[in-house]
Amino acid sequence: MPASTHSIAKTESPLLIDERRRLIRELVQSQGRVTVDELAERFGTSVVTIRSDLNSLASTGAVLRTHGGALAQRDTEEVPIGVKQKLKHEQKARIAIEAAKLIRDGETILLDSGSTTEEIAKQIRGLKLTSLNVITNALNIAGLLATVPHVNLIMPGGQLRPNSYSLSGPQAVAALQGLYADRLFLGVDSLDPDIGLMTPHLLEAQLNAQMMKISRQVIAVADASKLMKRNLSVIAPVEQLDMLITDSGADQAIVDQLRGRGIEVVLA
């Protein structure tokens, strides 16, 4: 932040809430990340006040809240899975409950990597099933399901991406070519009706496209904040979806547009 802005922040007592939050947002965008302690010192206020500011900014999508601070919200950058797990958790849990209702005994399902699909895995642990084949490229999901008696777990190979705990790359794509799934639960980073399903990672996009090819039914699971966002790599046009499960905060115009294209939209 320029020295003059710093000076304003230090001398005004106190800054108006909206002005302080605007300055915080600009600082996060310029630095990439900030800590609560750093902001409290800079703005001459308490850590409780700064936490409230960051929570408010995070609720509007202006920043990504982390333990002890915040990260810049940039659509083209991949958010670490540890951060994703804390974002919109209530909405993701509701989406997972709706998704789990679709799973039938004896089926083969594909779970893409992601924090929403991780919530689906948690639901699977409690399903009263005799047998379920689960294909996943995510280590965190595999860890949740590895000891579940009714789950037969299949993992493709590939290159590990520590940010997402997922395996991707040519080996993963090749491993899926001889498999078939009744339904795919696809966690997308961005969904724009005019552009398609998107992710910040090219190899992940290629793997997701292969997942869609081998699945009888393709279900995107994404909280409302992912709708109308754009990202680097396009996975597929939205017409290749059979269903979207999102939360009740979804923009009605987007929901109507997707339904008009023949996609079933479930609001959790």
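The values are calculated or read from the model by the stated rules, or taken from the named source; none is laboratory data. Please read these numbers as outputs of a predicted model, since none were measured by experiment. Neighbour counts are summed over all protein chains in view; Cβ atoms, including those assigned to glycine, are modelled from backbone coordinates with ideal geometry. Side chains are part of the model used for accessible areas, which takes the heavy atoms of the whole protein and leaves out ligands, DNA and RNA. Shrake-Rupley method; radii C 1.70, N 1.55, O 1.52, S 1.80 Å.
Could you check the simple spin-label distance between Lys128 and Asp37, using points 7 Å along Cα→Cβ, in nm with one decimal?
So the label points at Lys128 and Asp37 sit 5.2 nm apart.
Calculated from DSSP H runs of 4 or more alone, at -39500 (n - 2.57) each and per residue, what is the 222 nm mean residue ellipticity of the chain, nearest 500?
Mean residue ellipticity at 222 nm (helix-derived): -11500 deg cm²/dmol.
Pairs of alpha-carbon atoms within less than 8 angstrom and 6+ residues apart define the contacts here; what relative contact order does the range 190-268 have, in percent?
36
Sort the following peptides by mean Cβ neighbour count (other Cβ atoms within 10 Å, averaged over residues), highest first: 258-268, 113-123.
Top of the packing list down: 113-123, 258-268.
Looking only at Met155, Met212, Met198, which one moves most when the chain is put into a Gaussian network model with springs between Cα atoms under 10 Å?
In this elastic network of the chain, the residue with the biggest mean-square fluctuation among Met155, Met212, Met198 is Met155.
Of the lysine pairs in the chain, how many meet both conditions: Cα atoms under 18 Å apart, and a spacing of 8 or more in sequence or different chains?
For the chain, qualifying lysine pairs total 15.
How do Arg33, Arg20 stack up against each other in accessible area, from largest to smallest, with a 1.4 angstrom probe?
My answer, sorted largest first, is Arg33, Arg20.
Just read off the accessible area of Ser164 with the full protein assembly in place, 1.4 Å probe, to the nearest 10 Å².
Ser164 has an accessible surface of roughly 10 Å² with all protein chains in place.
In whole Hz, what ³J(HN,Hα) sequence does the range 141-158 give by Karplus (6.51, -1.76, 1.60; θ = phi - 60°), x for Gly and Pro?
Couplings: 6, 4, x, 5, 9, 4, 10, 7, x, 8, 9, 9, 9, 10, 10, x, x, x Hz.
Please report the antiparallel percentage of DSSP beta bridges with both residues in the range 157-268, rounded to the nearest 5.
Percentage antiparallel, nearest 5: 40.
Averaging sequence separations of C-alpha pairs under 8 Å and six or more residues apart, then dividing by the length of the chain, give the relative contact order as a whole percent.
14
Calculated FRET efficiency, Ser46 and Asp18, Cβ-Cβ r, R0 22 Å, to nearest 0.05?
The value I calculate is 0.75.
Between Thr246, Thr147, Thr66, where does the largest GNM mean-square fluctuation fall for the chain, given springs only between Cα atoms within less than 10 Å?
Thr147
Accessible area per residue, 1.4 Å probe, Å², for the chain: what's the number?
45
Putting +1 on Lys and Arg Cβ atoms and -1 on Asp and Glu Cβ atoms, find which of Met155, Leu184, Ala209 reaches farthest to the positive end of the dipole of the chain.
Farthest along the dipole direction, towards plus: Met155.
Mean separation of Cα pairs under 8 Å and 6+ residues apart, divided by the residue count of the range 127-268: what relative contact order is that in percent?
It rounds to 18 percent for the range 127-268.
Please arrange His201, His150, His67, His89 by accessible surface area, largest first, computed with a 1.4 Å probe and ligands excluded.
His67, His89, His201, His150
How much of the accessible area of the chain, in percent, comes from carbon and sulfur atoms when a 1.4 Å probe is used?
On the chain, the fraction of accessible area on carbon and sulfur atoms equals 51 percent.
Mind listing which chymotrypsin sites (Phe, Trp or Tyr not before Pro) in the range 156-207 are in a DSSP loop and have 15 or fewer other Cβ atoms within 10 Å?
Of the chymotrypsin sites (Phe, Trp or Tyr not before Pro), the ones in loops of the range 156-207 whose Cβ has at most 15 other Cβ atoms within 10 Å are Tyr180.
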